[in-house]
1. Looking at the range 1-34 only, could you name the residues that are open to solvent by 20 Å² or more (accessible area, probe 1.4 Å), within 15 Å of the chain's Cα centre (by Cα) and at positive phi?
2. Which condition does Ser241 not pass, out of (1) in a helix (DSSP H, G or I); (2) of a type outside the set (Asp, Glu); (3) open to solvent by 70 Å² or more (accessible area, probe 1.4 Å), if it passes all the others?
3. Given the options Thr57, Thr37, name the one that is among the β-branched types (Val, Ile, Thr), over 25 Å from Arg137 (Cβ atoms) and open to solvent by 10 Å² or more (accessible area, probe 1.4 Å).
4. Identify all residues within the range 85-104 that are open to solvent by 40 Å² or more (accessible area, probe 1.4 Å), among the acidic types (Asp, Glu) and modelled with pLDDT of 90 or more; write none if there are none.
5. Of everything in the range 235-250 that's under 30 Å from the mean Cα position of the chain (by Cα) and of a type in the set (A, V, I, L, M), which residue is nearest to Ile203 (Cα to Cα)?
6. Let me confirm something: among Leu163, Leu132, Leu107, which residue is open to solvent by less than 10 Å² (accessible area, probe 1.4 Å) and not in a helix (DSSP H, G or I)?
7. Can you give me the number of residues within the range 110-129 that are closer than 19 Å to Ala74 by Cα and either open to solvent by 70 Å² or more (accessible area, probe 1.4 Å) or in contact (Cβ under 8 Å) with a residue 60 or more places away in the chain (or both)?
8. Within the range 203-216, can you find the residues that are farther than 23 Å from Arg185 by Cβ and open to solvent by less than 50 Å² (accessible area, probe 1.4 Å)?
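The values are calculated or read from the model by the stated rules, or taken from the named source; none is laboratory data. Just so you know, these numbers come straight off a predicted model, no measurement behind them. So basically every Cβ, Gly included, is an ideal-geometry build from the backbone, and we count neighbours across all protein chains shown. Areas reflect the complete protein model, heavy atoms only, side chains present, ligands, DNA and RNA absent. Shrake-Rupley method; radii C 1.70, N 1.55, O 1.52, S 1.80 Å.
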Amino acid sequence: MHGSRDIWPDIAEQVAGCIDRLGSGEFYPRFFQMMKTLAQIDQYMVFEFSPNGDYATCRLAHNVERPDLGLQLASLYLDGAYLDDPMLKELKQSVLSQADAAPYRLLAKRQLPPVYRRRFFNVPNFDTKFSLVVLDRTSQHIFYVNFYSKKEDGFAEGQLDSLKQVASLIGSLLLKHFRDERKQRGMIKSLLASGLSEREAQICDMILQGHTAKSTGNALGLSESTIITYKKRAFKKLKISRKSELVRFV
């Protein structure tokens, strides 16, 4: 896929684009584009686990060809199959013993138990996955990141090397995005609880992210004057008059 072309200038630009969209829905298309430059990935899965294992959730489930299948597999995995995932156990132990690193492994389906292999590799027709784990030091939650390939020989050597080189960067980007995403959801809930409409809360959220009335209008498909009207209504309800007061409010 890579040939002799130097992909790193493209990666640097795409990383910058991801950073610029952290916490927003626009992050994912940019992230997928960056990953496509690195390797041919057929499915993305990211799961979050609490330290004692009593909390497990899916943060990203994206099957490139069949989005519905990605959601089905994520649901099946969370229904208890993760307890039988040998890769998760190994990487979890590794990251807890060396928290400064983002441990990664490559796994071929032939290495898996028959039942697990049939559910998560044979049915969706995957052959190999590249996995890494990231530890959120604040919450001590573990994020389990998986990239799947359908190719019989797995990821090409150059692609695999690229994934290994940027494993820590990928982990850091996703962790920062999930933190900001949770923070943004909390802000919007706070604004809605204060009596704002969904649109007013959405526009206040974009103001907090640094958007102008023009850029907010472009993102939402509304005129600049409409954005200003929503902003005035929201500020009136919140009894504030400027962005600095909005920051203090949330």
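1. none
2. It fails just one condition, (1).
3. On the way: Thr57 fails: over 25 Å from Arg137 (Cβ atoms).
Every option except Thr37 fails the conditions.
4. Scanning the range 85-104 gives a single hit, Glu90.
5. Filtering the range 235-250 down to residues under 30 Å from the mean Cα position of the chain (by Cα) leaves 243-244, 246-250.
With the extra rule that they be of a type in the set (A, V, I, L, M), the set shrinks to 246-247, 250.
Working: Leu246: 12, Val247: 13, Val250: 14 Å.
Only one residue fits best here, namely Leu246.
6. Values: Leu163 fails: not in a helix (DSSP H, G or I); Leu107 fails: open to solvent by less than 10 Å² (accessible area, probe 1.4 Å).
None of the others qualify; the one that does is Leu132.
7. 9
8. If the condition is that a residue be farther than 23 Å from Arg185 by Cβ and open to solvent by less than 50 Å² (accessible area, probe 1.4 Å), then Ala213 is the only one that fits.
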